[in-house]
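Here is the structure we will look at, set down as structure tokens.
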Amino acid sequence: MGKPTGFLEHGRELPKKLDPSVRIEDNKEFVLNEEFGDKINTQASRCMDCGVPFCHSGCPIGNIIPEFNDAVYRDSWEEAWNILSSTNNFPEFTGRVCPSPCESACVLGINQDPITICNIEKTIVETAYREGYAKPKTPRSRTGKTIAIIGSGPAGLAAAEQLNSAGHSVTVFERDEKVGGLLRFGIPDFKLGMDVIDRKINLMADAGVEFKVNQHIGVDVNAQQLRQEFDVVLLTGGSTVPRDLPVPGRELKGVHFAMEFLGQNNRRANDMDLKGEEIHAKDKHVVVIGGGDTGSDCVGTSNRHKAASVTQVEIMPIPPEKRPANMPWPQYPMIMKTTTSHEEGCERHWNILTKEFIGNDKGEVTGLRIADIVWQDAKPGERPGFEEVANSERVIPCDMAFLAMGFLHPEPTGVLAQLDIKLDDRGNVATDGFATNQKGVFAAGDMRTGQSLVVRCINEGRECAIAIDDFLMGNSNLEAKADSLMLSA
């Protein structure tokens, strides 16, 4: 540990952000990390060198956090990069969009503010690119084995980099015109810019990973063809069927799934084909249905469109401000979260039941009928129910609505149907480990587990790469989590 008294001398501090009135004028990142300077070393000095670093278990990919904190404190940036990149293929992504379960598990967080792990991670990777430490992971030799990866989200990309580094020849197929999946077409540019994605993809291509875009496997190309051409097929197409809201008026013009809106805006911001009828929130009374991160992204995007008003409604109760007793440290707590998008302007309401979309004679949505609800205690073995509050029904203005209520499962048609892949009770790909019911066909990420975090998908890709490497070679030297690499834990 660089400074034993660091956590006693310094409090938690984060970089400043552009003022909301300024940052909503474009779709660029607005965290002023470059101006943070030497403060990052001070923040790294707060790491306690605790006896058992629970941040390791809090992080789904097992980042070796105390060690890279110590390296940052000592200004040993290449060492910090080597430690971080040993467990995390994409710290440039997680440093920007991860909700930081590691920080919730930080031992210092028991009675103080936790270490700024996520921002330290982002600073390490940006320094690595600037100083030339980030290089292609080129294998020393090739095995002659070939792998087709269908889907280029974080799980597919993580598996691709790991398997390529093991010497296998990897081809990643993507149905859109650029690689990245929901990293590119689901997360707004103001959180994760396309240039950041492209920078990493270029490194992977330089290392030998082949990318084929505009290849919709299961539609343009029969999936059985890939089984004939490759030794292994890996399915990482994500959980892409959104949860719908079957209420009267759902068919009205102006009611959209969140990803239709977010994906199109990323295309607009990068001068790409919008692919479909334009969805723009300028001067609209926008209602976002769903209180999670995707809903928040719709709020931020609507603010950048100069919406007349933005309202976010959630059926669940308002979360507590502080960690509740039933989610003790080191668990990741479900607490009240105010994002940068909410800071830019938004009305938020909880315990709201959406009953009907109201429209005009042109078939356009003009209002939303809602009511307040009260949740009831759940009976043993049953889900909690709710009751509508009497006389609470009302109609609020709504010219455009975005459904941000999560995803159900992967698309059962196309590639899954062509390969006759067995599904579980939830509609996800059923696996034994990562192997599907078809020999030589594997699955990882949201397609296997259901919707999850980017960081968990990276871990899925890394773990699955080990399973595939073992299947092809009889054993594997790949690491998923770097337990064997930990320097002091």
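The values are calculated or read from the model by the stated rules, or taken from the named source; none is laboratory data. Computed from a prediction, not measured in an experiment: that's the story for all the values here. Here the Cβ is made from the backbone with ideal geometry for all residues, glycine too, and neighbour counts use every protein chain on show. With ligands, DNA and RNA removed, areas are computed over all heavy atoms of the protein, side chains included. Shrake-Rupley method; radii C 1.70, N 1.55, O 1.52, S 1.80 Å.
Give the relative contact order (percent, whole number) for the chain; include only Cα pairs under 8 Å separated by 6+ residues.
17 percent
Which distance in Å, rounded to a whole number, links the C-alpha centroids of segment 338-367 and segment 393-431?
Segment 338-367 and segment 393-431 have Cα centres spaced 21 Å from each other.
Mind listing the long-range amide H neighbours of Val241? Cut-off is under 5 Å, sequence gap 5 or more, other chains count too, H placed in the peptide plane at 1.01 Å from N.
Leu408, His409, Glu411
Between segment 175-190 and segment 4-21, what is the C-alpha centre distance in whole Å?
With segment 175-190 and segment 4-21 each reduced to a Cα centre, they are spaced 31 Å.
From the residues Gly62, Cys398, Cys98, which one has its Cα farthest along the dipole of the chain in the positive direction, the dipole being from +1 and -1 charges on Cβ of Lys/Arg and Asp/Glu about the Cα centre?
Farthest towards the positive end: Gly62.
Starting from the Cα of Asp19, step 7 Å along the direction of its Cβ; do the same at Asp206; then give the gap between the two resulting points in nm.
4.0 nm
Can you spot the lysines whose alpha carbon is less than 19 Å from Lys306's alpha carbon? Ignore those fewer than 8 places along the same chain.
Lys28, Lys191, Lys282, Lys284
In terms of the ratio Rg/(2.2 N^0.38 Å) built on C-alpha atoms, what value belongs to segment 77-189?
Ratio of Cα Rg to 2.2 N^0.38 Å: 1.24.
Under the rule of -39500 (n - 2.57) per DSSP H run of 4 or more residues, summed and divided by the residues of the chain, what mean residue ellipticity at 222 nm is obtained, to the nearest 500 deg cm²/dmol?
Rounded to the nearest 500, it is -8500 deg cm²/dmol.
Give, in nm to one decimal, the length gained when the segment between Glu251 and Asp470 is fully stretched (0.36 nm per residue of separation minus the Cα-Cα distance).
Separation in residues times 0.36 nm, less the Cα-Cα distance, equals 73.9 nm.
What accessible area per residue comes out for the chain, rounded to a whole number of Å², with a 1.4 Å probe?
That works out to 45 Å² per residue.
Rounded, prolate or oblate: which fits segment 349-484, taking a ≥ b ≥ c as square roots of the Cα gyration tensor eigenvalues, rounded meaning a/c under 1.5, else prolate when a/b beats b/c?
Since a/c reaches 1.5 and a/b is larger than b/c, the shape of segment 349-484 is classed as prolate.
Between Asp38 and Asp220, what length in nm is gained on full extension when 0.36 nm per residue of separation is reduced by their alpha carbon distance?
So the chain would gain 60.3 nm between Asp38 and Asp220.
Going by a ≥ b ≥ c, the root eigenvalues of the Cα gyration tensor, does segment 165-319 fall in the rounded group (a/c under 1.5), the prolate group (a/b larger than b/c) or the oblate group?
Note, shape of segment 165-319 comes out prolate.
Between Thr339 and Val389, with labels modelled 7 Å along Cα→Cβ, what's the label distance in nm to one decimal, could you check?
Each label point is offset 7 Å from its Cα along the Cβ direction, giving 2.5 nm.
Could you state how much accessible area Glu387 has, in square angstrom rounded to the nearest 10, with a 1.4 Å probe and all protein chains kept in place?
Roll a 1.4 Å probe over it and Glu387 shows about 110 Å².
In Å³ and rounded to a whole number, note down the convex hull volume per residue for the Cα atoms of the chain.
In the chain, the Cα hull volume divided by residue count equals 162 Å³.
Work from the charge dipole of the chain (Cβ charges, +1 for Lys and Arg, -1 for Asp and Glu, about the Cα centre) and give the residue of Ile352, Thr294, Ala134 farthest towards its positive end.
Ala134
Any idea of Asp283's accessible area? Nearest 10 Å², probe 1.4 Å.
Only protein atoms counted, so the area is about 100 Å².
Whenever you get a sec, compute what percent of the accessible area on the chain sits on carbon and sulfur atoms (1.4 Å probe).
Answer for the chain is 48 percent, counting heavy atoms of protein chains only.
Sort largest first and round to whole Å: the equivalent ellipsoid semi-axes of segment 5-131, each the square root of five times a Cα gyration tensor eigenvalue.
Semi-axes (√(5λ), whole Å): 23, 17, 15.
Determine the shape class of segment 259-395: with a ≥ b ≥ c the square roots of the Cα gyration tensor eigenvalues, call it rounded for a/c under 1.5, and otherwise prolate if a/b is greater than b/c, oblate otherwise.
Taking the square roots of the gyration eigenvalues as a ≥ b ≥ c, segment 259-395 is oblate.
Between Asn270 and Thr413, what FRET efficiency comes out of the Förster formula 1/(1 + (r/R0)^6) with R0 = 35 Å and r the beta carbon distance, rounded to 0.05?
The pair Thr413/Asn270 has a calculated efficiency of 0.75.
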